[in-house]
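Structure first, then comments.
The values are calculated or read from the model by the stated rules, or taken from the named source; none is laboratory data. Only a predicted model underlies this, so the values are computations on that prediction, with no experimental measurement involved. Note that we place each Cβ from the backbone using ideal geometry, even for glycine, and neighbour counts take in every protein chain shown. To get the accessible areas, we keep the full protein, side chains included, count just its heavy atoms, and leave off ligands, DNA and RNA. Shrake-Rupley method; radii C 1.70, N 1.55, O 1.52, S 1.80 Å.
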Amino acid sequence: MQEMFSLAGKIALVTGASRGLGLAMARALAEAGATLVLNGRVAETLAPRVDEFAAAGLTASAEAFDVADETAACAAVARIAETHGRIDILLNNAGIVSRHPTGELETAEWQRVIDVNLTACFVLAREAGRVMPTGGRIINLASVMSLLGRARTPAYVASKHALAGLTRAMADEMGPRGITVNAICPGYFRTDITAELQDDPNFSAYVAQRTPVGRWGEPEELAGAAVFLASPAAGYVNGHLLVVDGGLTATF
């Protein structure tokens with residue numbers, strides 16, 4: 001059974017891997033045996049992470065690029081494939097949130113969220129799929145907002161709903177080639193992107209009350225879902241939205 005969850009010999013690209021959920025999941029994939037390529041926008045923030053991985057006996061390198069820059073993203077995938085011969089696992093984790101009521105949300109800000117949270121995932125999946133000659137795993141980081149709605153985040157909610165649909169469409173198309181496409185839907189986790197919400201005592205208390213396990217999630221608690229979906233154990237899991245939310249979406 002241990003071999004079913006082994007990622008030994010696999011090449012994995014994780015976007016937005018310099019911190020938060022991306023870093024936690026990237027570390028878990030590396031601990032399961034994968035060779036990691038860590039992505040972020042700024043090379044200087046990735047270098048210490050590569051050093052941390054090396055100090056822990058894990059193998060990682062850095063590819064700094066903006067996922068919303070199609071030219072840069074395509075070039076990065078080509079470089080990784082040239083260096084390693086292929087990509088086995090793509091984890092589309094990079095994402096942003098914009099908190100504005102619909103009436104105050106400018107079109108440019110809407111487009112920025114869509115570009116990062118949705119279009120970048122499509123581009124990277126398309127390019128990575130081309131260098132997965134014997135099959136592979138594509139994992140999109142969706143959200144409980146792929147299933148629910150919330151005021152003041154219309155662009156984020158729309159992007160995550162669309163990402164769920166994209167995941168299923170690609171699963172249907174890529175499955176015959178041995179590439180599974182799934183999504184992880186996290187609930188409320190303690191990360192930099194949710195710092196504003198954590199600092200609001202009323203909202204933080206609401207999350208704890210609304211979530212059956214009674215608390216926010218910690219980034220490391222997403223690691224198992226990432227390893228599972230990337231591993232041979234999930235070979236027959238395709239087009240699935242794996243919700244990791246402490247039970248939030250299961251309750252009224």
Hits in the range 10-37 - residues which are open to solvent by less than 50 Å² (accessible area, probe 1.4 Å) and part of a loop (DSSP other than H, G, I, E, B): Thr15, Gly16, Ala17, Ser18, Ala32, Gly33, Ala34
Ala47, sole failed condition from (1) aliphatic (A, V, I, L, M); (2) part of a helix (DSSP H, G or I); (3) open to solvent by less than 20 Å² (accessible area, probe 1.4 Å): (3)
Failed condition for Val77, given (1) part of a loop (DSSP other than H, G, I, E, B); (2) on the phi < 0 side of the Ramachandran plot: (1)
Residue among Ala250, Ala225, Ala195, Ala155 that is farther than 24 Å from Ala32 by Cα, out of contact with any Ser or Thr (no Cβ under 7 Å at 6 or more places or on another chain), hydrophobic (A, V, I, L, M, F, W, C) and at pLDDT 95 or above: Ala250
Hey, Thr251 in contact (Cβ under 8 Å) with a residue 12 or more places away in the chain, of a type in the set (S, T, N, Q) and either closer than 21 Å to Leu163 by Cβ or surrounded by fewer than 18 Cβ atoms within 10 Å (Cβ to Cβ) (or both) or not: yes
Condition broken by Glu173, with the remaining ones in (1) over 22 Å from Ser18 (Cα atoms); (2) open to solvent by less than 40 Å² (accessible area, probe 1.4 Å) satisfied: (2)
Cross-chain or 6+ apart pairs with Cβ under 9 Å, the range 6-35 first and free of Cβ contacts under 8 Å to residues at least 40 places away in the same chain, then part of a helix (DSSP H, G or I) and of a type in the set (D, E, K, R): Ser18/Arg49
Residue list for the range 188-234, filter: of a type in the set (Phe, Trp, Tyr) and open to solvent by 60 Å² or more (accessible area, probe 1.4 Å): Tyr206, Phe228
Hits in the range 224-252 - residues which are in a helix (DSSP H, G or I) and among the aliphatic types (A, V, I, L, M): Ala225, Ala226, Val227, Leu229, Ala230, Ala233, Ala234, Leu248, Ala250
